[in-house]
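J.: Here you go, one structure.
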Amino acid sequence: MQRCINSACGATYGLRERIYVCPRCGETLEIDCGLTGRTDARALRDEWASRPTLRTHSGDPRETSGVWRYLELLPFEPDAPYVTLFEGHTPLFDAPRSAEYCGLGALRLKHQGYNPTGSFKDTGMAAAMTQAVISGAHTAVCASTGNTAASLAAYAAHAGLQAAILLPRGQVSSSKLAQSLDYGALVLEIDGNFDACMRLVQEIGDDPSIYVANSINPFRIEGQKTVAFEIMEQCNWRVPDHLVVPGGNMGNSTALGKGFQELVDLGLIDHLPKLNVMQAEGAAPLARLFTNLHLKNAADIQRIPEKLEPVANPQTLATAIKIGAPLSWKKSLRAVLRSGGRIISVSEQEIADAKATIGRDSIGCEPDSATTVAGIKKLVAAGHIGHDHEVIAVLTGHALKDPDYMIRYHEGTLSFSSGAKHGSGQPLAGAFRNSPRRVEATKAAILSSLERQR
Ligand code: F0G
């Protein structure tokens, strides 16, 4: 069933009802899969362990998809028309240089950029598009800073649905825009920011022909929660001390929080990892609330206000998280507080240098994902994360999602000012700058360049 998260309301609705907020009180919804008491969790864990993980076409989505692998914990019937593009099964890397940079003994990076369209959105989209097909939708719509759009475009095409995408004009990386166009989506560019696009999607979402695919859709969250299960299998069920994710519209942190909570409820783990969410300083409404209200732990959940004060004109070069009015903020904040984690913000310079450090670990990611390593460094320095703690950061997007940012950082032309685009404003020093060098086309010149580099 779908349940309103407002405990004073507590209204419940069927899974087939196509609603995104509670019709009674307007609050967001979450899905209750009715797992506790019904599921033999240990048998399930053994069942997963025996289930092959294949990237080849076995025909069984429980083997080829890292989402449908966990079908037993998802709100779908066994004979559902699963939509899948081989999502999930993403790597968990050791990142020694990033660990040292943060002041940690070790750091692991869960790279969701290894999904089919290059971002973490694909796990949620597999579930949302499956539900869209079940509900008989024709057109799936989203507002996006680029990655949701690319993911929706691909999964809708695969499911035989029309995709329509609302993008803030001029504020989306060209790689992401190119993906949406290539997958055949209808791309509508709006003069306004992501928050304006999101408001429009909520308005048109009332139309019965339209299926809203943003993370306000609780089925998206169901798909995305599976990364918690995958991480725990990869860790052999040993719970890390900290999990660190970037935060924009707050779907990802909501989903991870839900996934880990379900594992606790099922008795598969005995405590939650601390869930920490990182925002960019110029787009950090939730980090601001967290600090201003001195929020700390589960006891503070009652002090969460009704409304979040938005950032009216959010600014960051990490364009994927350039969001001032996140929709899933309340669910995310509750999950963070339940776990005893934190929500903080990091500067543009901190993001840029953390991103280059992740690159030097041979991993790479988009700028938004690098908020994690930037934030871990700050939390270690402040003593909130211990040097010997086990920490996993979730990288949400592939490095090639925003090549322009990387080139500018390494050329030394990356700059930022509130209200500015790339190329104007306050320069950001490239502490790990690595610009191309022009060299004479001779053997001697090349050897001498190598010599100088050694
Ligand atoms: N990282 C990347 C690469 C993203 O694309 C996003 C969000 C986030 C982090 C933040 O995740 O919104 O769940 O808190 N991108 C959305 C989009 C908004 O439209 O692609 P969140």
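J.: Could you identify the single residue in THR145, THR130 that is crowded, with 24+ Cβ neighbours inside 10 Å, within 23 Å of LEU71 (Cβ to Cβ) and in contact with a Pro (Cβ under 8 Å, 6 or more places away or on another chain)?
T.: Going through THR145, THR130 in turn, just one is crowded, with 24+ Cβ neighbours inside 10 Å, within 23 Å of LEU71 (Cβ to Cβ) and in contact with a Pro (Cβ under 8 Å, 6 or more places away or on another chain): THR130.
J.: For the stretch 317-327, what are the residues that are away from the ligand (no atom under 11 Å from the Cβ) and either farther than 15 Å from GLY397 by Cα or aromatic (Phe, Trp, Tyr) (or both)?
T.: GLY324, ALA325
J.: Only residues that are surrounded by 19 or more Cβ atoms within 10 Å (Cβ to Cβ), within 15 Å of the ligand (Cβ to nearest atom) and not in a loop (DSSP other than H, G, I, E, B): list them for the stretch 389-412, please.
T.: ALA393, VAL394, LEU395, GLY397, ALA399, LYS401, TYR405, MET406
J.: So in the stretch 359-375, with the set limited to residues that are over 17 Å from the mean Cα position of the chain (by Cα) and not in a loop (DSSP other than H, G, I, E, B), which one is nearest to ALA284 (Cα to Cα)?
T.: GLY359
J.: Do you know which residues across the stretch 96-143 are away from the ligand (no atom under 16 Å from the Cβ) and assigned to a helix (DSSP H, G or I)?
T.: Correct list: PRO96, ARG97, SER98, ALA99, GLU100, TYR101, CYS102, THR130, GLN131, ALA132, VAL133, ILE134.
J.: Can you list residue pairs whose Cβ atoms sit under 6 Å apart, with the first residue in the stretch 292-318 being under 30 Å from ASP402 (Cα atoms) and the second being assigned to a loop (DSSP other than H, G, I, E, B) and away from the ligand (no atom under 16 Å from the Cβ)? Count only pairs 6 or more apart in sequence or on different chains.
T.: GLN315/SER418
J.: Moving on. Would you point out the residue of the stretch 42-71, among those that are β-branched (Val, Ile, Thr) and touching a Gly at 6+ places or on another chain (Cβ under 8 Å), that is surrounded by the fewest Cβ atoms within 10 Å (Cβ to Cβ)?
T.: THR53
J.: Also, quick follow-up: Just name the residue that is farthest from ALA43 (Cα to Cα) out of those in the stretch 260-285 that are surrounded by fewer than 24 Cβ atoms within 10 Å (Cβ to Cβ) and among the small types (Gly, Ala, Ser).
T.: GLY282
J.: From the list ALA445, ALA431, which residue is small (Gly, Ala, Ser) and free of Cβ contacts under 8 Å to residues at least 12 places away in the same chain?
T.: After ruling out the rest, the residue left standing is ALA445.
J.: Considering each of ALA159, ALA153, ALA163 in turn, give the residue that is away from the ligand (no atom under 15 Å from the Cβ), aliphatic (A, V, I, L, M) and crowded, with 17+ Cβ neighbours inside 10 Å.
T.: Result of the check over ALA159, ALA153, ALA163: ALA159.
J.: Right, next: Say we look at the stretch 328-358 and pick out the residues that are closer than 19 Å to VAL391 by Cα and outside any helix (DSSP H, G or I); which of these is farthest from the ligand (Cβ to nearest atom)?
T.: Only one residue fits best here, namely GLY340.
The numbers here are math on the coordinates, done by the rules we state, and not lab data. It should be emphasised that the depicted structure is a prediction, and the values quoted were computed from it without experimental measurement. Every residue, glycine among them, receives a Cβ derived from its backbone with ideal geometry; neighbour counts consider all protein chains shown.
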